[in-house]
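Asker: Just passing along the structure, written as structure tokens.
The values are calculated or read from the model by the stated rules, or taken from the named source; none is laboratory data. Keep in mind the model is a prediction, meaning the values are calculated, not measured. Backbone-built Cβ (ideal geometry, glycine too); neighbour counts: all protein chains shown. Areas reflect the complete protein model, heavy atoms only, side chains present, ligands, DNA and RNA absent. Shrake-Rupley method; radii C 1.70, N 1.55, O 1.52, S 1.80 Å.
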Amino acid sequence: MTTTTTRRIAQALPAPAPHWVGDGFPVRSMFSIHGQDSAALSPFLLMDYAGPHRFEPDAGGRPRGVDEHPHRGFETVTIVYQGELEHRDSAGNSGRIGPGDVQWMTAASGVVHEEKHSATFTREGGTLEMIQLWVNLPAHEKMAPPRYQEILSRSIPSVKLADDAGAARVIAGRLGETRGPARTVTPMDLWDVRLNPGASVELPVPDGHNSILVVLRGDISIGGAAIQKHQCALLDATGESVRISAGDQGATLLLLSGEPIDEPVAAHGPFVMNTTDEIRRAIADYQAGRMGRLE
Ligand code: MN
């Protein structure tokens, strides 16, 4: 006879109020190392959830978004649910991502980039809904060359959950025999989960990983504790699975689970390093143009 331990909720975070990032992204900061203990979130640093927000058509308008800015020491992961975004960076990468697509940018030693609504979305208007997740890098990867993965929706496998409970798109990591396309530096799972109304599911989460459930739509309960729309649940660290029940509206959630990076975190704006000396160097390098420029 085998015994498995089911994770419980260690902490439920309150639903945050929205604020604007640039002129294009009305976001809720779902969790952040600036609000929570970074060791409990590691390797994840923060998550912003933008929208759903309706933008009117703006023919001839300048695309809204965030102008040129740097990053160093971590990765930005952008998941689009609705709308269309364009990105370009100083490493020469650019791309346009729409519903279901993911952009996984490893800033590492540094990039300068801009993040905007696409020209088409600006002209035609529509609803924007997206996530940006920041993922930390271990010290030995913080100064590696920047990389970029554009992961289109069609390359992300969807796993049908048992008992017609719903489906999980595996962006990163492994669910059963299904592996996600994202290449990650440290071991992690990132799943986009849809649960049918009233459904229950038991999902595997590796013992010892920090695991976070982010509820975007609907509501769920874990071990009898309710987690409402726009709330996050940080799970306790021991156990191999989590049992989630959806409310009568069903639920859309992200499950993040990762091996903690056991290193100090020094964060300042768009830079996440291990020491304040490294933060000072990042600021100086950016100001001297050593993270490159947008052409
Ligand atoms: Mn950025």
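Asker: For residues in the range 64-106 being of a type in the set (Val, Ile, Thr) and crowded, with 18+ Cβ neighbours inside 10 Å, which is nearest to the ligand (Cβ to nearest atom)?
Answerer: From the range 64-106, those of a type in the set (Val, Ile, Thr) are 66, 76-80, 97, 102, 106; that's our starting set.
After this cut, where a residue has to be crowded, with 18+ Cβ neighbours inside 10 Å as well, the list is 76-80, 97, 102, 106.
On the way: THR76: 6, VAL77: 11, THR78: 9, ILE79: 14, VAL80: 15, ILE97: 14, VAL102: 15, THR106: 12 Å.
By that ranking, first place goes to THR76.
Asker: Follow-up question, since we're still on this one. List every residue pair whose Cβ atoms sit under 7 Å apart, with the two residues 6 or more apart in sequence or on different chains, where the first one lies in the range 168-183 and is on the phi > 0 side of the Ramachandran plot and outside any strand (DSSP E or B) and the second, anywhere, is modelled with pLDDT of 95 or more and open to solvent by 50 Å² or more (accessible area, probe 1.4 Å).
Answerer: If the second residue must be modelled with pLDDT of 95 or more and open to solvent by 50 Å² or more (accessible area, probe 1.4 Å), no pairs are left.
Asker: Would you be able to tell me the number of residues in the range 34-58 that are of a type in the set (Gly, Ala, Ser) and open to solvent by less than 30 Å² (accessible area, probe 1.4 Å)? Walk me through it before giving the result.
Answerer: Initially, the range 34-58 is screened for residues of a type in the set (Gly, Ala, Ser), giving 35, 38-40, 42, 50-51.
From what's left, open to solvent by less than 30 Å² (accessible area, probe 1.4 Å): 42, 50-51.
The number of residues fulfilling the criteria is 3.
Asker: ARG217 passes all but one of (1) in a loop (DSSP other than H, G, I, E, B); (2) in contact with a strand residue (DSSP E or B) (Cβ under 9 Å, 6 or more places away or on another chain); which number fails?
Answerer: Condition not satisfied by ARG217: (1).
Asker: Among the residues in the range 284-292, are any among the hydroxyl-bearing types (Ser, Thr, Tyr), in contact (Cβ under 8 Å) with a residue 40 or more places away in the chain and out of contact with any strand residue (DSSP E or B) (no Cβ under 6 Å at 6 or more places or on another chain)? Before you say what the answer is, go through the steps one by one.
Answerer: Our first condition is that a residue be among the hydroxyl-bearing types (Ser, Thr, Tyr); within the range 284-292, this holds for 286.
Now restrict to residues that are in contact (Cβ under 8 Å) with a residue 40 or more places away in the chain: 286.
When the remaining residues are screened for being out of contact with any strand residue (DSSP E or B) (no Cβ under 6 Å at 6 or more places or on another chain), the result is none.
No.
Asker: Six or more apart or on different chains, Cβ atoms under 7 Å: show the pairs whose first residue is in the range 251-272 and over 30 Å from ARG194 (Cβ atoms) and whose second is within 16 Å of the ligand (Cβ to nearest atom) and among the aromatic types (Phe, Trp, Tyr).
Answerer: VAL272/PHE74
Asker: Only one of LEU137, LEU133 is away from the ligand (no atom under 13 Å from the Cβ) and either crowded, with 24+ Cβ neighbours inside 10 Å or under 20 Å from SER32 (Cβ atoms) (or both). Can you tell me which?
Answerer: On the way: LEU133 fails: away from the ligand (no atom under 13 Å from the Cβ).
Only one candidate qualifies: LEU137.
Asker: Do you know which of the residues in the range 110-129 that are of a type in the set (S, T, N, Q) and free of Cβ contacts under 8 Å to residues at least 60 places away in the same chain is surrounded by the fewest Cβ atoms within 10 Å (Cβ to Cβ)?
Answerer: Taking the range 110-129 as the starting set, the residues that turn out to be of a type in the set (S, T, N, Q) are 118, 120, 122, 127.
Imposing the further condition that a residue be free of Cβ contacts under 8 Å to residues at least 60 places away in the same chain reduces the set to 118, 120.
Details: SER118: 18, THR120: 14.
Per the stated criteria, the residue is THR120.
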